[in-house]
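Enquirer: Below: one structure in structure tokens.
The values are calculated or read from the model by the stated rules, or taken from the named source; none is laboratory data. Everything numeric in this text was worked out from a predicted model, so none of it was measured. All Cβ positions, even for glycine, are placed from backbone atoms using ideal geometry, and neighbour counts span all protein chains on display.
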């Protein structure tokens with residue numbers, strides 16, 4: 001992976017991380033167009049820059065994230081992240097295989113897009129609903145997050161936001177909790193991925209690769225800072241349908257390219 005390639009992928013990650021369109025799918029789709037081969041470093045890069053993008057949440061919501069007077073906030077995040085940690089460890093081989101299959105990712109993109117077309121109507125009464133996140137609701141949102149792990153291309157943010165809205169949370173509350181939950185989730189995923197790669201391919205951690213990782217992380221972080229607030233404002237005013245149509249068009253395009261062997 002060249003420095004230029006890493007910057008392009010990082011920009012894609014920063015833009016798409018908080019949108020319900022799957023940043024993982026976009027990176028996997030972009031790789032062959034950019035001539036990026038599937039290597040241990042590329043796999044590590046894609047996970048770590050997701051953490052870098054998600055770190056922007058800590059900056060944007062620093063008052064809430066570091067409000068130690070409400071310790072239950074952190075306990076709820078722990079409750080919510082447990083299902084992902086368990087299923088991520090148990091089904092790692094399945095997850096890795098699915099991540100390497102563009103057919104699966106494209107099909108899930110289309111299916112997830114169809115779901116998003118109906119989300120606004122399905123939860124139309126939620127805007128006057130609760131803004132309180134209980135331990136039970138946290139756990140259920142965490143279970144929804146597992147779906148995005150099992151089906152790459154579904155979108156972690158889409159799954160967790162829908163999970164929150166299914167528990168009668170407003171779009172804003174569900175989206176913000178989804179962002180907060182991403183921090184411990186991707187922190188654990190990045191730590192596990194780094195350890196695995198270090199054990200199997202220690203040569204990956206060369207000076208050049210670490211520099212590429214640093215630049216990619218910084219770019220993803222800065223771009224994500226700009227996109228996180230945009231998404232909150234957009235879904236409150238416009239809803240999810242536009243994202244649904246986008247997913248369907250992109251997913252069908254990738255399927256067509258795979259079928260005709262252009263990809």
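Enquirer: Select from segment 250-263 the residues that are part of a helix (DSSP H, G or I) and in contact with a helix residue (DSSP H, G or I) (Cβ under 8 Å, 6 or more places away or on another chain) and list them in ascending order.
Expert: Pass one, segment 250-263, residues part of a helix (DSSP H, G or I): 250-259.
Answer for segment 250-263, where residues must be part of a helix (DSSP H, G or I) and in contact with a helix residue (DSSP H, G or I) (Cβ under 8 Å, 6 or more places away or on another chain): 250, 251, 252, 254, 255, 258.
Enquirer: Conditions first: (1) farther than 17 Å from residue 20 by Cα; (2) crowded, with 17+ Cβ neighbours inside 10 Å; (3) in contact with a strand residue (DSSP E or B) (Cβ under 9 Å, 6 or more places away or on another chain). Residue 132 passes all but one, so which condition is the exception?
Expert: Only one criterion in (1) farther than 17 Å from residue 20 by Cα; (2) crowded, with 17+ Cβ neighbours inside 10 Å; (3) in contact with a strand residue (DSSP E or B) (Cβ under 9 Å, 6 or more places away or on another chain) is unmet by residue 132, namely (2).
Enquirer: While we're on this one: Taking the residues in segment 116-134 that are under 22 Å from the mean Cα position of the chain (by Cα), under 19 Å from residue 170 (Cβ atoms) and not in a loop (DSSP other than H, G, I, E, B) as candidates, determine which candidate is modelled with the lowest pLDDT.
Expert: Across segment 116-134, the extreme among qualifying residues is 120.
Enquirer: Could you please let me know if residue 194 is touching a strand residue (DSSP E or B) at 6+ places or on another chain (Cβ under 8 Å) and in contact (Cβ under 8 Å) with a residue 24 or more places away in the chain? Break it down into steps so the answer makes sense when it comes.
Expert: Values: touching a strand residue (DSSP E or B) at 6+ places or on another chain (Cβ under 8 Å): no; in contact (Cβ under 8 Å) with a residue 24 or more places away in the chain: yes.
Taking the combined requirement at face value, the residue does not satisfy it.
Residue-by-condition table, conditions (1) touching a helix residue (DSSP H, G or I) at 6+ places or on another chain (Cβ under 9 Å); (2) under 27 Å from residue 245 (Cα atoms); (3) surrounded by 17 or more Cβ atoms within 10 Å (Cβ to Cβ):
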site: 77; (1), (2), (3): yes, no, yes
site: 88; (1), (2), (3): yes, no, yes
site: 96; (1), (2), (3): yes, no, no
site: 100; (1), (2), (3): yes, yes, no
site: 109; (1), (2), (3): yes, yes, yes
site: 113; (1), (2), (3): yes, yes, yes
site: 116; (1), (2), (3): yes, yes, yes
site: 120; (1), (2), (3): yes, yes, yes
site: 124; (1), (2), (3): no, yes, no
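Enquirer: Further, regarding this structure: Any residue that is exposed (fewer than 15 other Cβ atoms within 10 Å of the Cβ) and either at pLDDT 95 or above or part of a helix (DSSP H, G or I) (or both) - is there at least one of those in segment 186-193? Spell out how you get there, then give the answer.
Expert: Of all residues in segment 186-193, those exposed (fewer than 15 other Cβ atoms within 10 Å of the Cβ) come to 187, 191.
Next, from what is left, pick out any that are either at pLDDT 95 or above or part of a helix (DSSP H, G or I) (or both): 187, 191.
The answer is yes, given that some residue of segment 186-193 is exposed (fewer than 15 other Cβ atoms within 10 Å of the Cβ) and either at pLDDT 95 or above or part of a helix (DSSP H, G or I) (or both).
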